[in-house]
Structure formats: C-alpha cells, structure tokens
Amino acid sequence: MATVVKVEGFEAFQAKVAELSKTGGDIFVMFSGSKDANGVSWCPDCVDAEPVVNGCLSVAADDSHYLYVGVGDRSFWKDQNCVFRTAKETQLKSVPTLIKWGTKQRLEEGQCADKNLVGMMFEE
C-alpha cells in the first residue's frame, strides 16, 4: 500500500511532490476541494471519490506515494486564475483529479469514483 501524505495549498504541494520525487516509487496526486472544520469537502464529487480512492490504495505498490492535496475553498477554486488551474505542472480543469505524477495518466471528476479506473491506475 502507498504511503499517504496530506497537504493544503499549492506551495505545500510543490514542496512535497519535490521531496517525494527523490524517494523513488510512483507518486499519485489527488487534488480535492479543501475540507471544513468537520472534515467535509465543499466538493460533492470529491466526497464521493474519497472512499473509492482510499479503498483502492491497497493495490498500490508498497514503494508508491499517495499525496492528497486540498486546493482551497470553493471561491478560491472557482476563480479561473486559481494557481492549480493555471500552473503548467497541474493545469487542473476540475476536482477531484487523480494524477499519476510524471505521466499523462489522469482521472477527473466522476472517474475518480469508479473503482475499476482508480484500481487500474494504482496497479499499473
């Protein structure tokens, strides 16, 4: 199973992905709407996807990493100039988005709640 790491915001994401890249193993990055004080994301698709993705982590290689990134609150995310949307490294169009870092593999929105698609990404 992958090592799980959680961060909030773009700078924390950049720092952590750089750190994890040095350790070897695949890095899977899950971009999600940030959670409130009760631990619930403002993004309904993210709420649906989280248990599916977490359930599939067991098939990921032991040397892989799962980086959960909170992209901010709804108003921050909805701004078309949001850094997660505009940065060359991420170019997000929607949340949730699950990316196998360093590849073109990406699952977006409802695909992240499909255990077959998520499982295939983690197994490859």
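Only the coordinates and a few stated rules stand behind these numbers; no lab work does. These numbers come from a predicted model, not from an experiment. For neighbour counting, all protein chains shown are included, and Cβ atoms are generated from backbone atoms with ideal geometry for every residue, glycine included.
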**Message:** With the structure loaded, tell me whether Ala113 is surrounded by 13 or more Cβ atoms within 10 Å (Cβ to Cβ), within 19 Å of Ala60 (Cα to Cα), touching a residue at least 12 places away in the same chain (Cβ under 8 Å) and of a type in the set (A, V, I, L, M, F, W, C) or whether it fails that test.
**Reply:** yes
**Prompt:** Applying the selection to the stretch 66-95, what residues are closer than 13 Å to Phe28 by Cα and assigned to a loop (DSSP other than H, G, I, E, B)?
**Reply:** Thr90
**Message:** Of everything in the stretch 66-76, what is out of contact with any Ser or Thr (no Cβ under 6 Å at 6 or more places or on another chain) and under 30 Å from Thr23 (Cα atoms)? Give them in sequence order.
**Reply:** Tyr66, Leu67, Tyr68, Val69, Val71
**Message:** Of all residues being assigned to a helix (DSSP H, G or I) and of a type in the set (S, T, N, Q) in the stretch 96-118, which is farthest from Lys6 (Cα to Cα)? Just the residue, please.
**Reply:** Asn116
**Request:** Could you tell me which residue of the stretch 1-49 is nearest to Arg74 (Cα to Cα), considering only residues that are of a type in the set (D, E, K, R) and in a helix (DSSP H, G or I)?
**Result:** Asp45
